[in-house]
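Please read the structure below before turning to the comments.
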Amino acid sequence: MSDPHPPIRVPVGHPASGRPQDGDEPTRPRPPARPSITPTIDIHDGPDGLTLEADLPGATESNLSIQLEHNVLTLDARIDEPAPDGMRLIHQEYPVGDYHRSFILSDDVDRERIAAELKDGVLKVFLPKADRARARRIEIKS
C-alpha cells in the first residue's frame, strides 16, 4: 500500500553563492522579519551521520527555507494563519507563527551531501559524516 502523503524533498541552498545544492530549484529569499517560534528539535547520531528532526506544524515545501552559509545551517518557515477562507479564528490552543532555528555545524559534516525531507509537519535533515570523521580500522603491518 502506498503512502498517501509521501515526504517532500526540501532543497538546501547556499545563499553566499546563490546556487542551490544538488541542482534543486533556486533558494527562496528570506521573508521580512516577523515574530518567530523556536521549533523543538531532536538530533539522532547514527553510523553515517546525524539526523535532525524539527516539528514545524503548518510548514510546506513552499513556505520552508533551509540555508547553509559558512558553518551555519538555518531553518525558516513562514506560516499563515490557519483559519479557512471567510472565517475568523475565535479560539486557538497552540501558537501559530514563523519558525526560525540556526545550528553551527562542525567540520565533521559533509556539506555537499546534506539532504532534507518534510512529511506531516516534521522536517528531517540528514547531516552525513565527512569521510575524515568516520571511524575506521587502522591496519597494523609487521
* Structure fact -> The percentage of Cα-Cα pairs in the range 81-141 separated by more than 13 Å is 78 percent
* Structure fact -> One checks the Cα atoms of the range 41-123 and finds Rg and Dmax, in Å, of 15.4, 50
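Values quoted throughout were computed directly from the atomic coordinates according to the rules given, and no laboratory measurement underlies them. Predicted, not measured: the structure shown is a model, and the values here were computed from it.
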